[in-house]
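Okay, so here's the structure we're looking at.
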Amino acid sequence: MGDVRADCCGAVIMGAPGSGKGTVSSRIVQHFELKHLSSGDLLRQNMLQGTEIGVLAKTFIDQGKLIPDDVMTRLALHELKNLTQYNWLLDGFPRTLPQAEALDKAYQIDTVINLNVPFEVIKQRLTARWIHPASGRVYNIEFNPPKTVGIDDLTGEPLIQREDDKPETVIKRLKAYEAQTEPVLEYYQKKGVLETFSGTETNKIWPHVYAFLQTKVPQTNQKASVTP
């Protein structure tokens, strides 16, 4: 095992859209010495800056195509090169088996956190958003529902759902995620690095993730990150 691999610890977090992965990632980074690397943010950043890989990725997105494995891999590995002195948490990559295998050739992944939230719970979360098109007012059936179902509080006009928030779109996205990542989870399971956390509420899953990571990763300086 080479030195570089030994002193930097690579962790990956996996979870379907709506599984609370963003929230858990930000808490992990708050409490542990890990740099958060989100492939989505990285992609947007490269597209905004017009880098070679950003321009390449944009051509696929504009055609409504998935970005090929080799492009995503180049993007992630290029960024990880800048983080050799850090421990990091990858979020959104690897998404497919070829990506996981390519990552493995370059870095040692010793921790994979998988958030396993029931399909129905995620579907409820992701389809909860309704919009009043004229004003841009956003309602969430769970957190801030309209006074009357389907009706804007101020104008009495009907609310609509964005295409992305419609149940059929959400189900399609979740099924696509499952099909893509199933082999990745199996791959890490076989390697013995996969830790799955199941539940329906992020606040109940988090303490288990926290306790698990305490055995794996250095914590941030507690004085610096005391939360009120």
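For a quick check, take a GNM of the chain with Cα springs below 10 Å and name the residue from 28, 141, 205 with the largest mean-square fluctuation. For the chain, modelled as a Gaussian network with Cα springs under 10 Å, the answer is 141.
Given their separation in residues at 0.36 nm each and the Cα-Cα distance between them, residue 110 and residue 55 gain 16.6 nm when the chain is fully extended.
Whole angstrom only: what separates the Cα centroid of segment 170-204 from the Cα centroid of segment 46-100? Centre-to-centre (Cα) distance: 20 Å. Full extension of the chain between residue 48 and residue 23 gives 6.5 nm of extra length, using 0.36 nm per residue less the Cα-Cα distance. Using only Cα atoms, find the angle between the long axis of helix 69-81 and the longest principal axis of the chain, and express it within 0 to 90 degrees, rounded to the nearest 10. Long axis of 69-81 versus the principal axis of the chain: about 60 degrees. Could you work out how far helix 52-62 tilts from the main Cα principal axis of the chain, as a 0 to 90 degree angle to the nearest 10? Between helix and principal axis, roughly 30 degrees. Structure remark: mean-square fluctuation, Gaussian network model of the chain, C-alpha springs under 10 Å; the largest value among 82, 114, 203 belongs to 82. Highest mobility in the GNM of the chain, judged by mean-square fluctuation with C-alpha springs under 10 Å and restricted to 128, 16, 76, is found for 128. With the helix formula -39500 (n - 2.57) applied to DSSP H stretches of n ≥ 4, the chain reaches a computed 222 nm mean residue ellipticity of -14500 deg cm²/dmol. Cross-link pairs exceeding 30 Å in C-alpha to C-alpha distance, out of 81/204; 21/65; 105/216; 81/216, comprise 81/204.
Loop-located trypsin sites (Lys or Arg not before Pro) across segment 125-213 with a Cβ neighbour count of 10 or fewer within 10 Å are 147, with loop assigned by DSSP. Only loop residues by DSSP count here, and only those with at most 10 other Cβ atoms within 10 Å; note down the chymotrypsin sites (Phe, Trp or Tyr not before Pro) in segment 109-215 that meet that. When the chymotrypsin sites (Phe, Trp or Tyr not before Pro) of segment 109-215 are filtered for loop state and at most 10 Cβ neighbours within 10 Å, 143 remain.
Counting only aspartates and glutamates at least 8 places from residue 166 when in the same chain, those with an alpha carbon closer than 20 Å to its own are 120, 142, 152, 157, 178. Share of segment 43-160's accessible area from carbon and sulfur, percent, 1.4 Å? C and S atoms contribute 57 percent here.
Per residue, the average separation of C-alpha pairs within less than 8 Å and at least 6 apart gives segment 10-215 a relative contact order of 26 percent. Note on the chain: antiparallel DSSP beta bridges, both residues inside, total approximately 30 percent of the bridges counted.
Within straight-line reach of residue 191, meaning a Cα separation under 13 Å, sit the following aspartates and glutamates at least 8 residues removed in sequence or on another chain: 101, 104, 110.
Determine, from the Cβ-Cβ distance of residue 198 and residue 65 and an R0 of 30 Å, the FRET efficiency 1/(1 + (r/R0)^6), rounded to the nearest 0.05. According to the calculation, E is roughly 0.35. Here is the list for segment 49-117: trypsin sites (Lys or Arg not before Pro) lying in DSSP coil, each with at most 11 other C-beta atoms within 10 angstrom of its C-beta, are 65.
If you take the beta carbon distance between residue 149 and residue 171 as r and set R0 to 22 Å, what does 1/(1 + (r/R0)^6) give as a FRET efficiency, to the nearest 0.05? That pair, residue 149 with residue 171, gives E of 0.55. Per residue, the solvent-accessible area of the chain (1.4 Å probe, heavy atoms of protein chains only, all protein chains present) comes to 56 Å². Scanning the chain for GluC sites (Glu not before Pro) lying in DSSP loops with no more than 11 further Cβ atoms inside 10 Å, the longest uninterrupted stretch between such sites is 1-141.
The values are calculated or read from the model by the stated rules, or taken from the named source; none is laboratory data. Quick caveat, the model's predicted, so the values are computed rather than measured. Cβ: placed from backbone, ideal geometry, glycine included. Neighbour counts: every protein chain shown. Accessible surface is based on the protein model in full, side chains and every heavy atom, while ligands, DNA and RNA are left aside. Shrake-Rupley method; radii C 1.70, N 1.55, O 1.52, S 1.80 Å.
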